[in-house]
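The structure under discussion appears below in the form of structure tokens.
The values are calculated or read from the model by the stated rules, or taken from the named source; none is laboratory data. Predicted model, so just to flag it, every value in this text is computed and none were measured. Note that we place each Cβ from the backbone using ideal geometry, even for glycine, and neighbour counts take in every protein chain shown. We work out accessible area using only protein heavy atoms, side chains counted, and drop any ligands, DNA or RNA first. Shrake-Rupley method; radii C 1.70, N 1.55, O 1.52, S 1.80 Å.
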Amino acid sequence: MSHLAHTVAVRASGVDMFFGTPENQVVALQQADFEARRGELIMLVGPSGCGKTTLLSVIAGTLTPQAGTVEVFGQRLDGLGQEELTAFRRKHLGFVFQSFNLIPTLTVMENVMVPLLIQGRPYDEAHARSLAIIDKVGLKGREEGRPNALSGGQQQRVAIARALVHEPPLLICDEPTSALDKDTGGHIMQLVRDLSRSPERCVVVVTHDHRIFRFADRIAEMEDGRISRVVDDPKLLDTTHL
Amino acid sequence: MYRLALNMLFGDRAKLAMLLCGLAFSALLMAQQSSVFFGIMSWTYTPMVNIRAQVWVSDPMVEQVNDAKPLRDTDLGRVRSVDGVAWAAPLHTSFVQARMQDGNFKLITLVGIDADTFAGAPAVLTQGRIEDLRLPDTVIVDEWGAALMGRMTVGPDGKPRNTPLKVGDTFEVNDIQARIVGICKVRRAFTGGPFVYTTYDRAKGYTLGARRTLSFMLVEPQKGVTPAELCDRIERDTGLKAWTSDTVIWSWGERSLARNTFWWFWTNTGIPFSFGTAVLLGLFVGIAISGQTFYSFVLENLKYFAAIKAMGAGMGVIARMLFVQAFTAGLIGFGLGAGMAQGIGRVMIEKGMPPFVMYPQILWATFALVLGISFVSALIGIIKVSRVDAASVFRG
């Protein structure tokens, strides 16, 4: 096995994804190739409808492509059944959603505990680990409050804590700053970067927000259902159409 | 996850309140209506409760205790001669008109018991002595009947009030005087009228013109002979019908006159249909309100369930979460509904109307039906969540 194989966290090759009926087909991904490495924070950018979210869903194992292969940390996802995909997500993935998706009737602590409880961890262990990460995201003392009592930035901090509490090797962030102002968005991305930085972890961020491009190690630009180019320096991107 | 599932449920107080209202109302309706139904049905075999004897003998055509087909007095001798009979006493029951002091008429249930043994006499006398029935023209009236047969008088406050009959008061049956010498406490009957106890011979006098006045014979088996054995012997030797006095309607004993009476009313009247409809209504209302409310709760939390799915929770975990939520609501709803039914029952029992008998079986059946409602509600939610695509969480 080559050195490169060890460093690859996510690899999607020749992925096709269509929606709708054969007569009225919408092409979401067409021969899409994508690669993300361990230890990096990669952003997927592109105009609306270019297939970013679909590719993210394919990588997350919540959508199964019609063609192509998807490999996440050496595990081929395209051959797995629903139950195996669910188990894979449970163990390997953490999610930060655009609209936070924090359960309003649960406390901050309970929301953060969810991934650990889904894994079947004992309640006390889940509580202790959640407490520690809530402290890390700067919300110590707010554990027993409801998400609705927090600001947007604070809610996203809770979401980040929830995404990382079970220490997943792959963190998926879907437009994590779109609901936040510039400063808060910057702080959130700094937090994501600080907390998720690990030689074994890969962070994939889908975003429109060019203000946060500076946090990326690499940026993959999408166009018409495929990756059009990958750059190391955000300044090389033309952001006018994003 | 189940603890969080419960916190999700309890966190939405408005939905929870609505859900509990639906389940509690449903449980209340089912338990209360069933208890009133069994209360009314228990009144159908009241004579079996008020008149205590181990074996009852009747005409072979009798189907239930309120349908006495008179026997000849000589049948008593035939029954007494059956091997295993310790004693046999006559019993007369009939509905007759009583003329009150104020000229008003009341329909009464006349019960004539053996003057020698007082077999079949009421167990509890609140006033008077049973032996006083041996005095001329005497009767004992039940407490509720005394009030029903009472007369309107003007109270000290100037308002009209009902004054119950008391010991010493008189009325007439077929122009023959009946003087009250005692007040007894007995269970009320489906057929309504007040119970008026007298001796068998005097009852014959009160029912002038009737050729046969022997309604039933009350029989006691000798030591070592079971009521069922004695029934067999009486039927074999006399051709009459013999019954046991077992009042447990859930039993399978075909010889139980109470049980036969219960099922006769079940099959020959519209009572079960009427109450059954109310119970079904409770069930459907429960399913409709609780199902709808729980579904709306699931709809409101759908995106969170989708997020939980995306995070790696299988449908098994989510289904169990929904079952925990629905069954917990069901349990609380049942508790509230059954508690209210008990409370209403207590008031009913105190007032005596309508009758109320809450068997443990009613509570168990109500509990099972409420859990059934919860199950259906959870199932509807599970179907909805199972159709949600985990990928939908990425669509904003």
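Structural remarks
- Residue within the range A:26-42 that is closer than 20 Å to A:Ile212 by Cα, in a strand (DSSP E or B) and not aliphatic (A, V, I, L, M) present: yes
- Tabulated pairs, the range B:294-315, first more than 9 Å from chain A (Cβ to nearest Cβ), second among the hydroxyl-bearing types (Ser, Thr, Tyr) and not in a loop (DSSP other than H, G, I, E, B), C-beta under 7 angstrom, 6+ apart or interchain: B:Phe294/B:Ser377
- Where strands (runs of 3 or more DSSP E) sit wholly within the range B:39-135, those with at least 1 residues that are open to solvent by 50 Å² or more (accessible area, probe 1.4 Å) occupy B:85-99, B:105-113, B:124-128.
- B:Arg188 of a type in the set (Lys, Arg) and either over 32 Å from the mean Cα position of the chain (by Cα) or assigned to a strand (DSSP E or B) (or both): no
- Restricting attention to the range A:78-98 and to residues that are open to solvent by 10 Å² or more (accessible area, probe 1.4 Å) and part of a loop (DSSP other than H, G, I, E, B), the residue that is farthest from the other protein chains (Cβ to nearest Cβ) turns out to be A:Gly79.
- B:Leu280, sole failed condition from (1) surrounded by 18 or more Cβ atoms within 10 Å (Cβ to Cβ); (2) assigned to a helix (DSSP H, G or I); (3) without any contact (Cβ under 8 Å) to a residue 24 or more places away in the chain: (1)
- Among the residues of the range A:122-156, the ones that are within 10 Å of chain B (Cβ to nearest Cβ) and surrounded by fewer than 17 Cβ atoms within 10 Å (Cβ to Cβ) come to 1 in all.
- Some residue of the range B:226-236 being assigned by TED's automatic domain parsing to the domain that holds B:Ala119, modelled with pLDDT of 85 or more and on the phi > 0 side of the Ramachandran plot: no
- Selection of the range A:99-119 for residues being under 15 Å from the mean Cα position of the chain (by Cα) and more than 7 Å from chain B (Cβ to nearest Cβ) yields only A:Phe100.
- Check on B:Ser274, without any contact (Cβ under 8 Å) to a residue 24 or more places away in the chain, among the hydroxyl-bearing types (Ser, Thr, Tyr) and open to solvent by less than 80 Å² (accessible area, probe 1.4 Å): yes
Every residue, every condition in (1) assigned to a loop (DSSP other than H, G, I, E, B); (2) open to solvent by less than 40 Å² (accessible area, probe 1.4 Å); (3) in contact with a strand residue (DSSP E or B) (Cβ under 9 Å, 6 or more places away or on another chain), yes or no:
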{"position": "A:Thr62", "(1), (2), (3)": "yes, yes, no"}
{"position": "A:Glu71", "(1), (2), (3)": "no, no, yes"}
{"position": "A:Phe100", "(1), (2), (3)": "yes, yes, no"}
{"position": "A:Met109", "(1), (2), (3)": "no, yes, no"}
{"position": "A:Pro115", "(1), (2), (3)": "no, yes, yes"}
{"position": "A:Gly120", "(1), (2), (3)": "yes, no, no"}
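- Filter pass, A:Leu195 being of a type in the set (A, V, I, L, M) and away from chain B (no Cβ under 14 Å): yes
- Selection within the range A:176-204 - modelled with pLDDT under 85 and assigned to a loop (DSSP other than H, G, I, E, B): A:Pro176, A:Thr177, A:Ser178, A:Ala179, A:Leu180, A:Asp181, A:Arg197, A:Ser198, A:Pro199, A:Glu200
- Considering residues of the range B:345-370 that are among the hydrophobic types (A, V, I, L, M, F, W, C) and surrounded by fewer than 16 Cβ atoms within 10 Å (Cβ to Cβ) only, the residue nearest to B:Val279 (Cα to Cα): B:Ala365
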